[in-house]
Amino acid sequence: MMRAFFGGSFDPFHAGHLAIIQTILDRGLADEVLVVPAGHNPQKPDPPAPGPHRLRMAELGVAGLAGVRVLDSEAERSGPTYTVDTLAALAAQTPGDRWRLVLGGDNLADFGSWRDPDRLLALAQLLVFPRGAAPLTVPPGLAGRALIVEGFFSPVSATAVRATVAAGGRPGKLVPQAVLDYIVAHGLYRRGGGGRASAPGREALPCP
Ligand code: ATP
């Protein structure tokens, strides 16, 4: 079985993430997509929304899609989390499966600064989605280990979604409707109050 590991902040889960997942499934690039909202990303400042909110938004964003699972293995942990550790643990559970690691083109250039990139490359092939209209350059060390998904285009970013909400706007089609409803209901990303909203109560989350 070919599995795709799709990690990210998902702060929030947006239409670009959904388009990536649908493209993977539609083109048969993997049999299953595992969406893994990150805990604390060591390379980014703290995300505006706590892990449990980001986890729930990812769950809402993929609800009803066959072939997709959202994992809480990183978002529910405190302290830094590393893709290589999570992926290695998953791979060990399903020996014989092959893995693809999903990346936006913007993440490709700095892949070498991730924790243990060589081990990651031994575990998975990179599945790279061009980011917006930006030209995609594969670093020489990654040639042959990166599969570029040609013809993919989505201009959406979480930064733009957060900025729209903070400015009092509605991100409309930038996020799935259920995610938008969640953002509004929890006051996420609003300037002067919702930016670092408290985590939802455990009762708001489905049982694993
Ligand atoms: P931010 O704007 O906060 O940086 P983001 O929109 O990049 O967030 P992430 O959760 O960090 O969202 O994205 C997870 C992964 O999906 C990353 O590898 C990112 O490059 C990729 N990605 C997100 N949106 C797109 C998009 N529109 N096109 C291609 N790749 C994307």
Restricted to region 95-135, and to residues that are touching a strand residue (DSSP E or B) at 6+ places or on another chain (Cβ under 8 Å) and of a type in the set (D, E, K, R), which residue is farthest from the ligand (Cβ to nearest atom)? ASP97
List every residue pair whose Cβ atoms sit under 7 Å apart, with the two residues 6 or more apart in sequence or on different chains, where the first one lies in region 3-27 and is farther than 21 Å from LEU87 by Cβ and the second, anywhere, is more than 9 Å from the ligand (Cβ to nearest atom) and of a type in the set (D, E, K, R). ALA15/LYS173
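Report yes if some residue within region 48-61 is hydrophobic (A, V, I, L, M, F, W, C) and farther than 26 Å from ASP181 by Cα; otherwise report no.
Let us first name the residues in region 48-61 that are hydrophobic (A, V, I, L, M, F, W, C), namely 49, 55, 57-58, 60.
When the remaining residues are screened for being farther than 26 Å from ASP181 by Cα, the result is none.
No, region 48-61 contains no residue that is hydrophobic (A, V, I, L, M, F, W, C) and farther than 26 Å from ASP181 by Cα.
When you go through VAL165, VAL161 one by one, which is the residue that is part of a helix (DSSP H, G or I), within 19 Å of ALA19 (Cβ to Cβ) and modelled with pLDDT of 95 or more?
Working: VAL165 fails: within 19 Å of ALA19 (Cβ to Cβ).
VAL161 is the lone residue from the list that is part of a helix (DSSP H, G or I), within 19 Å of ALA19 (Cβ to Cβ) and modelled with pLDDT of 95 or more.
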Of all residues in region 5-30, count the ones that are within 12 Å of the ligand (Cβ to nearest atom) and either under 14 Å from ASP106 (Cβ atoms) or not polar (S, T, N, Q) (or both). 18
Name the helices (runs of 4 or more DSSP H) wholly within region 22-118 that hold at least 3 residues that are under 12 Å from the mean Cα position of the chain (by Cα)? 51-62
Could you check, for region 61-72, whether at least one of its residues is within 12 Å of the ligand (Cβ to nearest atom), touching a helix residue (DSSP H, G or I) at 6+ places or on another chain (Cβ under 9 Å) and either aliphatic (A, V, I, L, M) or closer than 22 Å to LEU121 by Cα (or both)? no
Just one of (1) away from the ligand (no atom under 14 Å from the Cβ); (2) touching a helix residue (DSSP H, G or I) at 6+ places or on another chain (Cβ under 8 Å); (3) open to solvent by 70 Å² or more (accessible area, probe 1.4 Å); (4) modelled with pLDDT of 95 or more trips up ALA185, so point out which. (2)
Per the filter on region 91-134, residues open to solvent by 20 Å² or more (accessible area, probe 1.4 Å), touching a Lys or Arg at 6+ places or on another chain (Cβ under 8 Å), more than 20 Å from PHE10 (Cα to Cα) and at pLDDT 95 or above are ASP97, ARG98, LEU121, GLN125
Which condition breaks for PHE153 when tested against (1) assigned to a loop (DSSP other than H, G, I, E, B); (2) in contact (Cβ under 8 Å) with a residue 60 or more places away in the chain? (2)
Find the residue count for region 127-142, including only residues that are part of a helix (DSSP H, G or I) and in contact with a Ser or Thr (Cβ under 8 Å, 6 or more places away or on another chain). 0
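Could you check, for region 136-154, whether at least one of its residues is within 21 Å of ALA38 (Cα to Cα), among the β-branched types (Val, Ile, Thr) and within 15 Å of the ligand (Cβ to nearest atom)? Spell out the reasoning first.
Of the residues in region 136-154, the ones within 21 Å of ALA38 (Cα to Cα) are none.
No, there is no match, as no residue in region 136-154 is within 21 Å of ALA38 (Cα to Cα), among the β-branched types (Val, Ile, Thr) and within 15 Å of the ligand (Cβ to nearest atom).
The values are calculated or read from the model by the stated rules, or taken from the named source; none is laboratory data. Note that the structure is predicted; figures quoted are calculated from it, not measured. Note that each Cβ is placed from the backbone with ideal geometry, even for glycine, and that neighbours are counted across all protein chains shown. Side chains are part of the model used for accessible areas, which takes the heavy atoms of the whole protein and leaves out ligands, DNA and RNA. Shrake-Rupley method; radii C 1.70, N 1.55, O 1.52, S 1.80 Å.
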